[in-house]
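Nothing in this text is a laboratory measurement; each read-out follows from the coordinates by a stated rule. Because the structure is predicted, anything quoted here is derived from the model rather than measured. Cβ atoms come from the backbone with ideal geometry, glycine included; neighbour counts cover every protein chain shown.
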Amino acid sequence: MEGFMLLLHDRTTQQGDLSPEEIQGIIAEYVAWRDKIAEQGRLLGGEKLADDDGRHLVLDDGAIRVTDGPYTEAKEVLGGYFAIKAADYDEAVEISKDCPHLKYGGRIELRKIDNHR
Amino acid sequence: MPGYDQITESVDHLFRRHAGQMTAVLTRIFGFGKIDLIEDAIQESMLRALSHWSYKGLPDNPRAWLIQVAKNNILDRLRKSSRDADLEEGSRLLDAWARSAGSSVDTAFEKEIREDQLQMIFACCHPALTPDSRIALTLKTVGGFSVGEIAVAFLSNKDAVAKMLVRAKKKLRDEGARMEIPAPSELGPRLESVLKVLYLMFNEGYSASGGESAVRTDLCHEAIRLARLLADHPLTSQPKVHALAALFLFQASRLPARSGEGGTLTILPDQDRSLWDRKMIAEGLRHFRSSASGSEISDYHLEAEIASYHAVSEDYGSTDWRALLEAYDRLLERRYSQIAALNRIIALAEVEGPDKALEELQTLADEKLEAYYPYHVTLAELQRRTGLGEDALRSYEFAAGLVENEAVKRFLRKRREEIGAKGSEGV
């Protein structure tokens, strides 16, 4: 088994029009997906990242320069992640295909955790 | 960790209910002047829940989480514009609410929330508002429906509904509407207005619910929930309130049987009565008994009585048609309506036969009734039963031309084919 990160990119345009009922419905879909992965013993974790641009650090002429995230103009932000276990990329892709994130306009960046020495 | 069913089933409509409850509680504290701010803050807290819970999973106590987040959001927004005393009371109340949200016992706090919701219903059904905006405002602020959902339910567009709500809220502010259950001297007419709104809300949901849109069935359930709130409160627990609750419950008990294969509307004689919701009927009968506790008879009493004859009949044939006919006569005498008169014809056909019913139906017909598709369905069924098969086919065709709802259209086409097939067999 390998570890995979599903990096969840959100669109920055907010869905302010969603009704309470619709919001509950979408959450229920995510929770159902999450529960299914957890039941299979494949879920390692998942977190939401703060809705800001974060901090950006670089070594610039010998001094560390810290700036607010450079992504303010971007159409999407990294909103959160899931970490899962899967045999290989093919299986991880199959699992990710069901994730409601895609249906609701988000983008998933799938990355394998490199455990090889 | 709470599972999937906690949010979908056992907490059915959690978000919608929660939005309505919070709006009521906070509007009582901060007044109608702040209602837009309150609604925005509640919406934002739900969107926060969307991103948090979707990625992290559900918190241990979803309701308490929602209340805390909304509280922080609202206090932030209000800090600039409100008195410290209001903020303090708001903060105290929300904390108490969040604490009580986890316990299953019916705390004093839950009672306070119900009280707030009742006050909000009376405000939304304020006589200064137009009847349409009373319904829209009640659905939005008490029921937690969105502008989009209200538009779907009333076959209107979002902009029109949004404008109507803005105007209604302004009107309430201008009128100096307060969150209160009206004083006994005013309660009568104000309660009448509330009951009328619930009645219209229910009918709107019931009239076309052929499985076409879940939102429309939700209108029925919301009307029932609000009728129960009124029926349970000592100040509003009046006989006609129980009558209205009974009427809703009897009608709604049939909803599961009204929608047949592929969402086709199924009419009363053809319904599988084992699908009727027995719990609702039992609750309806309890309210119906409570409705008889006074000397007052309202239209709702008679309508509930009529609905009760169907609810307690084993099958269509064993319905007490004579009692039903007589109840229609009493209803029409009190308040004539063409629709009630049309429904009476159906009972008349069972008591006096289809010929007599057809004869009376034709005396009812006018331009307005002829634009109403159930008239043509009733006409067609009576024509079929009196051997006028060809006329019946034409009536069904005419009815289908009047209808836009797909489930009803399917029903009419199916029915027409059935009659056509029988006709050609010479039956």
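Defining a contact as two alpha carbons under 8 Å apart and six or more residues distant in sequence, what relative contact order in percent does region A:2-112 show?
Over region A:2-112, the number comes to 51 percent.
Enter the Cα centre distance for the pair region A:11-65 and region B:355-380, rounded to the nearest angstrom.
Their Cα centres are 60 Å away from one another.
At a Cα cut-off below 24 Å, give the lysines reachable from B:LYS356, other chains included and same-chain residues fewer than 8 away excluded.
B:LYS368, B:LYS422
Taking 28 Å as the cut-off for C-alpha to C-alpha distance, list the pairs among A:LYS48/A:LYS85; B:LYS71/B:LYS169; B:LYS111/B:LYS163; B:LYS71/B:LYS240; A:LYS103/B:LYS170 that go past it.
Exceeds cut-off: B:LYS111/B:LYS163; B:LYS71/B:LYS240; A:LYS103/B:LYS170.
Rule-of-thumb check for the protein assembly as shown: C-alpha Rg over 2.2 N^0.38 Å?
On the way: Rg = 28.1 Å, N = 544, 2.2 N^0.38 = 24.1 Å.
My calculation over the Cα atoms of the protein assembly as shown gives 1.17.
For n ≥ 4 DSSP H runs only, could you compute -39500 (n - 2.57) per run for chain B, divide by its residues and tell me the 222 nm figure to the nearest 500? Spell out each step's value before the answer.
Numbers: 22 runs with 304 residues, N = 427.
Helix contribution divided over all residues of chain B: -23000 deg cm²/dmol.
Give me the orientation-averaged projected area of the Cα convex hull of chain B, in nm², one decimal.
Values: hull surface 93.0 nm².
Its average projected convex-hull area is 23.3 nm².
Grab the Cα-Cα distance for B:ALA160 and B:LEU87, subtract it from 0.36 nm times how many residues apart they are, and report the gain in nm with one decimal.
On the way: separation 73, 0.36 × 73 = 26.28 nm, distance 3.42 nm.
In short, 22.9 nm is gained.
With label points built 7 Å along Cα→Cβ from the Cα atoms of B:ASN203 and B:GLU390, find their separation and express it in nm.
Reported label-point gap for B:ASN203 and B:GLU390 is 3.8 nm.
So what is the relative contact order of chain B, in percent, for Cα pairs below 8 Å that sit 6 or more residues apart? Each step should come with its number before you reach the end.
On the way: 515 pairs, mean separation 43.3, N = 427.
Relative contact order of chain B: 10 percent.
Based on the Cα coordinates of chain A, what is the per residue volume of their convex hull in Å³?
On the way: hull volume 15.4 nm³, N = 117.
For chain A, the hull spanned by Cα atoms encloses 131 Å³ per residue.
Using a Förster distance of 22 Å, how high is the FRET efficiency between B:LEU332 and B:GLU370, based on the Cβ-Cβ distance and rounded to 0.05?
Values: r = 20 Å, r/R0 = 0.89.
After rounding to 0.05, the efficiency reads 0.65.
Run the quick spin-label model on A:ARG65 and B:ALA282: label points 7 Å from Cα toward the beta carbon, then report their separation in nm to one decimal.
With each label point 7 Å from Cα toward Cβ, the separation is 7.4 nm.
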